[in-house]
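Participant: What follows is a structure written as structure tokens; I'll ask about it next.
Bear in mind these aren't lab numbers, they're just calculated from the coordinates by the rules spelled out. Only a predicted model underlies this, so the values are computations on that prediction, with no experimental measurement involved. Using ideal geometry, Cβ is built from the backbone for each residue, glycine included, and neighbour counts are taken over all protein chains shown.
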Amino acid sequence: MELRQLEYFVAVVEEANFTRAAERLHVAQPGVSAQVKRLERELGQELLDRSGRTVRLTDAGRAVLPHAYAALASVQSTRDAVDALNGLVRGSVSVGMVTACASADLTDLLSRLHTRHPGLDISLAEDDSRSLLAGVSDGTFDIAVIGVAGELPEGLESRVITDERLVAGVATDHPLAEVSSLPFAELATRSVICLPEGTGIRTCLNFACAAAGTTPTVALEASNLGIIVSLAAQGLGMAVLPESAVGELHRIDLEPEARSRLELVWRSSGGKNPAASALIDLARAVPAE
């Protein structure tokens, strides 16, 4: 009996289909069938019922399945133990990134993680800050880069990687192009262009306007800061964005000062697996800005 036979058997059971199991294993379907057949011959029992549209376990298959899982888990534990002695970590980590983010800190973090542990699988997903924060809290993501306004929920830890002033930007021929500062209360009477609800910058804008006793009049939303700058440059409104993104626009400081922060966020309890723990250890070493 070979471990490969058990691995193929488990894959077929979980996929309920030989073809899908072969795709998952990245092998030819006849090879999967042959290995499972060989396992059945060695055990002297049919483990799978192939008569229907989906593959089902026989009574013998149901008896064998827990032992197959245990054998594969034991082998993986042995590999993990040896890797730990060598300072290597295997597994996968899930990383969230706020829409329109281009954080050099995140790419540097992932680069260092890959250099130290080349066997890791890293998955990246983009979303708004509100969804990412929920994803870190419920374990969907091991770590995320989000825009933060206000305090983090209990149970989360973070490092600030950028901290910028929130400003406005208008076209150079806009009526406000000669103005250097503007109170947040004025944004109730201006056509504002900003990131969507759920992003850190939008939340920061909403908080600042609420503190001024008003609500911003958001005429246009875009999920990309470059597009927001382009829309404002065409005279379609006043962009509200971090100071580093103003680009070709005329900058107007919004008063009183409000800060837009990007933070690396993870669960204080650490990762559920060695791979996540390795990433979080690196994140904890990132100097706070």
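Participant: Once you place label points 7 Å from the Cα toward the Cβ at residue 111 and residue 197, how far apart are they in nm?
Facilitator: It is 3.9 nm.
Participant: Quantify how much of the Cα-Cα distance distribution of region 89-289 extends past 27 Å, in percent. Walk me through the numbers before you get to the answer.
Facilitator: Details: 6832 of 20100 pairs.
Cα-Cα pairs of region 89-289 separated by over 27 Å account for 34 percent.
Participant: Taking the DSSP beta bridges in the chain as the whole, what percent of them are antiparallel, to the nearest 5? Could you put the intermediate results ahead of the total?
Facilitator: Details: 24 of 43 bridges.
The antiparallel proportion sits near 55 percent.
Participant: Using alpha-carbon pairs under 8 Å, 6+ residues apart, how would you state the relative contact order of region 3-85 in percent? Walk me through the numbers on the way to the answer.
Facilitator: Working: 73 pairs, mean separation 23.8, N = 83.
This gives 29 percent for region 3-85.
Participant: Nearest 500 deg cm²/dmol is fine: what mean residue ellipticity at 222 nm does the chain get from its DSSP H runs of n ≥ 4 alone, each adding -39,500 (n - 2.57), divided by its residue count? Let's see the in-between values first.
Facilitator: Numbers: 9 runs with 118 residues, N = 289.
It comes out at -13000 deg cm²/dmol, rounded to the nearest 500.
Participant: Shifting gears a bit: Which one of 160, 93, 27 has the biggest mean-square fluctuation once the chain is modelled by GNM with Cα springs under 10 Å?
Facilitator: Answer for the Gaussian network model of the chain: 27.
Participant: Quick check: net charge around residue 253, other residues with Cβ under 15 Å of its Cβ, Lys/Arg +1 and Asp/Glu -1? Please list the in-between numbers first.
Facilitator: On the way: positive: 165, 190, 251, 259; negative: 164, 178, 186, 243, 255, 257.
Around residue 253, the surrounding residues sum to -2.
Participant: Then there is this: In terms of modelled amide H atoms, which long-range or inter-chain residues lie less than 5 Å from the amide H of residue 156?
Facilitator: 268
Participant: Then there is this: Return a whole-number percent for the relative contact order of the chain, with Cα pairs under 8 Å and 6 or more residues apart as the contact set. Could you put the intermediate results ahead of the total?
Facilitator: Values: 509 pairs, mean separation 59.1, N = 289.
In percent, rounded to a whole number, it is 20.
Participant: If you place +1 on the Cβ of every Lys and Arg and -1 on the Cβ of every Asp and Glu, how big does the dipole about the Cα centre of the chain come out, in debye to the nearest 20? Walk me through the numbers before you get to the answer.
Facilitator: Numbers: 25 positive and 38 negative charges, 243 e Å.
Computed charge dipole of the chain: roughly 1160 debye.
Participant: Could you list log10 I(q)/I(0) for region 3-85 at q = 0.13, 0.19, 0.20 Å⁻¹, which the Debye formula gives when each Cα is one point scatterer?
Facilitator: After summing over all Cα pairs, the log10 values are -0.41, -0.81, -0.88.
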